[in-house]
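The values are calculated or read from the model by the stated rules, or taken from the named source; none is laboratory data. Since we're looking at a predicted model, the values are computed, not measured. We place every Cβ from the backbone using ideal geometry, glycine too, and count neighbours over all the protein chains shown. Calculation scope for accessible area: heavy atoms of the full protein, side chains included, ligands and nucleic acids excluded. Shrake-Rupley method; radii C 1.70, N 1.55, O 1.52, S 1.80 Å.
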Amino acid sequence: MSRDHAHVQEFFGARAADWDSRFPDDDPAYAAAVAELGLREGDRVLDAGCGTGRALPPLRTAVGPSGLVLGADVTPGMLQAAVRAGRDREGRLLLTDVAALPLRSRSLDAVFAAGLIAHLPDPAGNLRELARVVRPGGVLALFHPIGRRALAARQGRLVTPDDRRAEPNLRPLLAGAGWRMTSYVDEDERFLALAVRGA
């Protein structure tokens, strides 16, 4: 396991048990972001870096009983919290790294990723791996329930120009990984960047 993975597991593992109670009002924001993916009945979707699985219920609602919902996370404690919350009933949970997903190429219609981009050790390579498992024309949603400025204030820091979620940084990062950004919203109450996989 790399030092980056160990750091992510340590950080989120220590917070997994009370993660949902620390952010109790985020569920409507997750549901609204999932709605913007435009999923249809029977679609196949991955929640990459699913954490406690907060996106799994709205993803299941969007794809219906015939669809496939997967939740992948590298932190065992987060997946255990998802199970305790009963969210494993909404989709299959995978203990895996988004750098090497155990999925066939072009097997998914969409990827939802909440808070993931800031924790990727190799953002270009990891976004290419997400593109690999999504069919051409499939959609990626990079989401956070609060915007960059609000998140920085919560963490007691300033937003810096090198933030990979800043539009001038994120657009070429996505393009280099096979994605075309189609919309970008960075407001205090949410961050949402949508992208479509190229051919």
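Checking each residue in region 87-110 for being touching a strand residue (DSSP E or B) at 6+ places or on another chain (Cβ under 7 Å), among the charged types (D, E, K, R) and free of Cβ contacts under 8 Å to residues at least 40 places away in the same chain picks out GLU90, ARG92, ARG106.
Is there a residue being open to solvent by less than 30 Å² (accessible area, probe 1.4 Å), modelled with pLDDT of 95 or more, under 15 Å from ARG87 (Cβ atoms) and assigned to a helix (DSSP H, G or I) anywhere in region 34-51? Checked against the condition, which is being open to solvent by less than 30 Å² (accessible area, probe 1.4 Å), modelled with pLDDT of 95 or more, under 15 Å from ARG87 (Cβ atoms) and assigned to a helix (DSSP H, G or I), region 34-51 yields at least one hit. Filtered by the rule that a residue be farther than 24 Å from LEU120 by Cα and in contact (Cβ under 8 Å) with a residue 24 or more places away in the chain, region 62-86 gives ALA62, VAL63, SER66, GLY67, LEU68, ALA85. Filtering region 71-96 down to residues that are open to solvent by less than 50 Å² (accessible area, probe 1.4 Å), of a type outside the set (A, V, I, L, M, F, W, C) and under 22 Å from THR61 (Cβ atoms), which residue is farthest from the chain's Cα centre (by Cα)? That would be GLY86. Of everything listed in (1) open to solvent by less than 60 Å² (accessible area, probe 1.4 Å); (2) farther than 17 Å from GLU189 by Cα, the single unmet condition for HIS119 is (1).
Residue count for region 97-113 satisfying the condition of being open to solvent by less than 50 Å² (accessible area, probe 1.4 Å), closer than 20 Å to PRO76 by Cα and at pLDDT 95 or above: 4.
Selection within region 138-194: residues that are open to solvent by 20 Å² or more (accessible area, probe 1.4 Å), assigned to a strand (DSSP E or B) and not charged (D, E, K, R). The member of this set that is nearest to GLY115 (Cα to Cα) is HIS144.
Tallying residues that are at pLDDT below 65 and under 16 Å from ILE146 (Cβ atoms) within region 1-33 yields 1.
Examine region 55-68 for a residue that is closer than 16 Å to LEU101 by Cβ and open to solvent by less than 50 Å² (accessible area, probe 1.4 Å), and state whether such a residue exists. Scanning region 55-68 turns up no residue that is closer than 16 Å to LEU101 by Cβ and open to solvent by less than 50 Å² (accessible area, probe 1.4 Å).
The residues on offer are ARG106, ARG135, and the sole one that is within 20 Å of ARG40 (Cα to Cα) and assigned to a loop (DSSP other than H, G, I, E, B) is ARG106. Only one of the listed residues (ASP186, ASP122, ASP162) is under 20 Å from ASP27 (Cα atoms), without any contact (Cβ under 8 Å) to a residue 40 or more places away in the chain and not β-branched (Val, Ile, Thr). That residue is ASP186.
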